[in-house]
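**Q** Could you have a look at this structure, given as structure tokens, before my questions?
The values are calculated or read from the model by the stated rules, or taken from the named source; none is laboratory data. Small disclaimer: the values here were computed from a predicted structure and weren't measured. FYI the Cβ positions are ideal-geometry reconstructions off the backbone, even for glycines, and counts take in every protein chain you see.
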Amino acid sequence: MAEESKLDRIKRLSKIQTNIRNIATSAHIHHGKTAFTDNLLAAAGLMSEKSAGDLEAGMATWQHADEQERLMTVDAANVSMAHVYQGDDFLINLIDTPGHVDFGGNVTRAMRAIDGTVVLICASEGIMPQTETVLKQALRERVKPVLFINKVDRLIKEMKYTPEQIQKRMADLIIEFNRLLEQIAEPEFKQKWKVNFADGSVSFGSARDNWALSLPYMQKKGVKFADVLKIYELEGEAQHQYVWEKMPLHDVILDMVIKHLPDPAVAQKYRIPKIWKGDLESPLGKSLINCDPAGKVAFVITRILMDLKSGREISAGRLYSGTLKEGMTVYLNGAKQEQRVAQVLMYQGVKTEIIGEVPAGNVLALAGISGNAGETLTEGPDQPFEELKHIFEPVISKAIEPVSPQDLTKLVEVLKKVGKEDPSVKIEINQETGECLLHGMGELHLEIIENRIITEKGVKVKTSPPVVVYRESITKASPEAEGKSPNKHNKLYFKVEPLEPHIRELIKKEELSEGRVKKKDLLMRDTLVDAGWDNDTALSVKDIYKGNILLDATRGIVQLMEAMPLILDGFEQVIDGGPLAREPVIGMKVTLTDAKLHEDTIHRGPSQMHPCVREGIRTAMMLAGPVLFEPLQTHVIEGPQEFTGDLTKLVMNKRGQILDINQEGASVIVKAKLPVGEMLGWSSDLRSATAGRGVSSLADQGFERLPSELQDKITRQIIQRKGLTAGMLGA
């Protein structure tokens, strides 16, 4: 064994599917996930210094391993370790799941790449709401759990428990965990996946003090329960030495993982039908079910990292079938484009190593691919894994700036990276003023992004209070309105009316493509004629911009062709900021009915035409019953049944409407539509209404008319916030 290099060992193991385990850790916040992962990383860091054979000798070097290595590991997406169990070599890929629950997307994606998870619970606090949530997410993806009871040191040091009391406390926790599992799991896994102490699918210990035990391990090493108390009679170096010899954490945990969590070939047989919606009899379907290295390639990106040294993107993820080779051309199903794989990397410890090719069943990373998390890579267009949710339009904004001005360039870099890692954040950087705006899905979303920038990326930032983005629209058709240019030589006449809902749908579904219409677009004409427009109207479309349409109904005006680009500019400026409060406009059809233009080009340049168009369209809008539309989100709120009343009351207090109430087992699921303007502070309100056990996830989003009693109030608030004067408003 000694001759084989570590890299060769990982290469060799990556080809033996039965000896691979892809796992994650999941836990309630502050239940010790980080200390636990760090521990395994430290052991892996140690393994990358010495061959894993003389682990014992490595202890001292690990104690004083410099922080540099540690700093790097914290940001590693996954860590791969070789571990010897019953004389055989195993490869374990641990994926770091992002801690926060609100963005189910990230956790679900991490769950997508693994087959088993170690659920951590705190010995003194027990099972917490978030434990339920992460367990739900795991079982939803058919990921098998094992249990690690952490922070046992608290029972000994703080609560002064006797060994008997500790055993009883743990037995209670195991029963509670199994009860929860039985409530959530699908029928076929309810009994099969229960954990118990006797077979070793439960272990306990303290991640902070680097020790863990399970029953099989106690038998293997001859450790008794009373030995646990001995740990805390020792101090410093002696304590470390004792723990290292008797009950090293990574040893116990990895034994448990290998024995109880499935290998990829076994797991994919029951996981693929649940997570992949394609035809299981198709060639790709068959090779997915069998995790076939000779089949067609299917790889899912679960996390995007930026390589600190080279600044290039590395896409980490799971290969479900086929074999990825360097230089291969793959097809990105979400982005609908082909790209070349520059390098295939595998993790060794926490560093990536270049490996020529990797077969199915492994967690690996690719360089040279630029896609979003959740993307499916196949050899040609094929059925992707995650139906990528329609990324909702962000509805809340914050201005963000660095505390110290010299960090500005760093912040801009970080923001670009954040936008890549979380596709639901929109980042707007104003090139002239250097102001950065973050647009996100909700208050909490932005708070977390902000925290991430401060903690993970090390840039100190300050942000403005969150602001809800409204939309402007009209309620009826307007009479014809005139716009004059400042020099009074040009006049344009416009009419506006609400755009038909079915046409808006076509634009939303991208059956009508946005953009300026250059020449006769017959495809667009056919789509519009099918939707009920007449031929001439359909051909007069000049511009579709952010869900609004501009039509040209004029006849035989000579100079109009030249002026058209400027008219379209003016139209787009109005759409970006309407007459009421300069908010974006939605769902409007603008018709240019007539134009009187100066024959001399010099008298109808941009400075004349832009104001002329803006005045014309805004005047027409003011005559068409202009209103504000507010963003509404449909949330699916889950909580214990006994809080049904509190949940409905909470929704009503927020001006929400309840769409549906369902009961599932002991929990209730409320589907409600809530105005985003009322949702500031939503997560804390929800927690207090449900004693911390409620969770909500965003299901859909749209804009609806703001109630008339709030129209003026909100309009005034926006005007005040933007510092607009009366002269800037209206037409």
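**Q** Can you go through ASN210, ASN196 and tell me which one is polar (S, T, N, Q) and in contact with a Leu (Cβ under 6 Å, 6 or more places away or on another chain)?
**A** Only one candidate qualifies: ASN210.
**Q** Hey, among the residues in the stretch 178-201 that are closer than 25 Å to LYS220 by Cβ and of a type in the set (Phe, Trp, Tyr), which one's modelled with the highest pLDDT?
**A** So, considering only residues that are closer than 25 Å to LYS220 by Cβ and of a type in the set (Phe, Trp, Tyr), the one modelled with the highest pLDDT is TRP193.
**Q** Within the stretch 642-657, does at least one residue satisfy the condition of being in contact (Cβ under 8 Å) with a residue 24 or more places away in the chain and in contact with a Phe, Trp or Tyr (Cβ under 8 Å, 6 or more places away or on another chain)?
**A** The answer is yes; a qualifying residue exists.
**Q** Could you pull out the residue among ILE575, ILE549, ILE544, ILE567 that is in the same structural domain as PRO501 (by TED's automatic domain parsing), in contact (Cβ under 8 Å) with a residue 60 or more places away in the chain and closer than 20 Å to ILE474 by Cβ?
**A** Only one candidate passes the filter, namely ILE567.
**Q** Return the only residue of LEU215, LEU173 being assigned by TED's automatic domain parsing to the domain that holds LYS246, surrounded by 14 or more Cβ atoms within 10 Å (Cβ to Cβ) and closer than 22 Å to ALA666 by Cβ.
**A** The conditions single out LEU173.
**Q** Could we say that ARG604 is in contact (Cβ under 8 Å) with a residue 60 or more places away in the chain, farther than 15 Å from ALA620 by Cβ and assigned by TED's automatic domain parsing to the domain that holds SER513 here?
**A** In short, yes.
**Q** If a residue has to be within 24 Å of ASP536 (Cα to Cα) and buried (at least 22 other Cβ atoms within 10 Å of the Cβ) to count, how many in the stretch 571-590 make the cut?
**A** Residues meeting the conditions: 3.
**Q** Follow-up. Residues of the stretch 548-580 being acidic (Asp, Glu) and either more than 27 Å from ILE719 (Cβ to Cβ) or not in a helix (DSSP H, G or I) (or both), which ones?
**A** ASP552, GLU562
**Q** Could you tell me whether the stretch 556-566 includes any residue that is out of contact with any His (no Cβ under 9 Å at 6 or more places or on another chain), β-branched (Val, Ile, Thr), surrounded by fewer than 22 Cβ atoms within 10 Å (Cβ to Cβ) and modelled with pLDDT of 90 or more?
**A** no
**Q** Let me ask you something else. Output the residues belonging to the stretch 124-149 that are over 27 Å from the mean Cα position of the chain (by Cα) and either basic (Lys, Arg) or surrounded by fewer than 24 Cβ atoms within 10 Å (Cβ to Cβ) (or both).
**A** SER124, GLU125, GLY126, listed by residue number.
**Q** So, in the stretch 633-673, exactly how many residues are surrounded by 21 or more Cβ atoms within 10 Å (Cβ to Cβ) and in contact with a Lys or Arg (Cβ under 7 Å, 6 or more places away or on another chain)?
**A** Qualifying residue count for the region: 2.
**Q** Which is over 18 Å from THR591 (Cα atoms), crowded, with 16+ Cβ neighbours inside 10 Å and at pLDDT below 85, of GLU511, GLU447, GLU432, GLU428?
**A** The conditions single out GLU447.
**Q** Sticking with this structure for a sec: Could you give every pair whose Cβ atoms fall below 8 Å, whose first residue belongs to the stretch 608-632 and is among the basic types (Lys, Arg), and whose second residue is part of a helix (DSSP H, G or I), counting only separations of at least 6 or pairs across chains?
**A** Correct list of pairs: ARG614/GLY570; ARG614/GLN573; ARG614/VAL574; ARG618/VAL574.
**Q** Please verify whether the stretch 609-620 includes one or more residues that are out of contact with any helix residue (DSSP H, G or I) (no Cβ under 7 Å at 6 or more places or on another chain) and in a strand (DSSP E or B).
**A** No: zero hits.
**Q** Among the residues of the stretch 123-144, is any closer than 28 Å to LYS190 by Cα, β-branched (Val, Ile, Thr), assigned to a strand (DSSP E or B) and modelled with pLDDT of 80 or more?
**A** Taking every residue of the stretch 123-144 in turn, none turns out to be closer than 28 Å to LYS190 by Cα, β-branched (Val, Ile, Thr), assigned to a strand (DSSP E or B) and modelled with pLDDT of 80 or more.
**Q** Then there is this: Taking the residues in the stretch 74-107 that are at pLDDT 70 or above and part of a loop (DSSP other than H, G, I, E, B) as candidates, determine which candidate is surrounded by the most Cβ atoms within 10 Å (Cβ to Cβ). Steps first, answer last, please.
**A** Here is the first cut: in the stretch 74-107, the ones at pLDDT 70 or above are 79-95.
From what's left, part of a loop (DSSP other than H, G, I, E, B): 86-87.
On the way: GLN86: 9, GLY87: 5.
If we take residues in the stretch 74-107 being at pLDDT 70 or above and part of a loop (DSSP other than H, G, I, E, B), then GLN86 is surrounded by the most Cβ atoms within 10 Å (Cβ to Cβ).
The rows are residues; the columns are (1) more than 23 Å from PRO579 (Cβ to Cβ); (2) at pLDDT 85 or above.
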{"position": "VAL651", "(1), (2)": "yes, yes"}
{"position": "LYS654", "(1), (2)": "yes, yes"}
{"position": "GLN657", "(1), (2)": "yes, yes"}
{"position": "LYS671", "(1), (2)": "yes, yes"}
{"position": "GLN711", "(1), (2)": "no, yes"}
{"position": "GLY723", "(1), (2)": "no, no"}
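**Q** Between LEU366, LEU411, which is modelled with pLDDT of 85 or more and crowded, with 18+ Cβ neighbours inside 10 Å?
**A** Values: LEU411 fails: modelled with pLDDT of 85 or more.
It is LEU366.
**Q** Also, quick follow-up: Condition first: without any contact (Cβ under 8 Å) to a residue 12 or more places away in the chain and either part of a strand (DSSP E or B) or of a type in the set (Ser, Thr, Tyr) (or both). Now tell me which residues in the stretch 444-486 satisfy that.
**A** Within the stretch 444-486, just THR455 meets the criteria.
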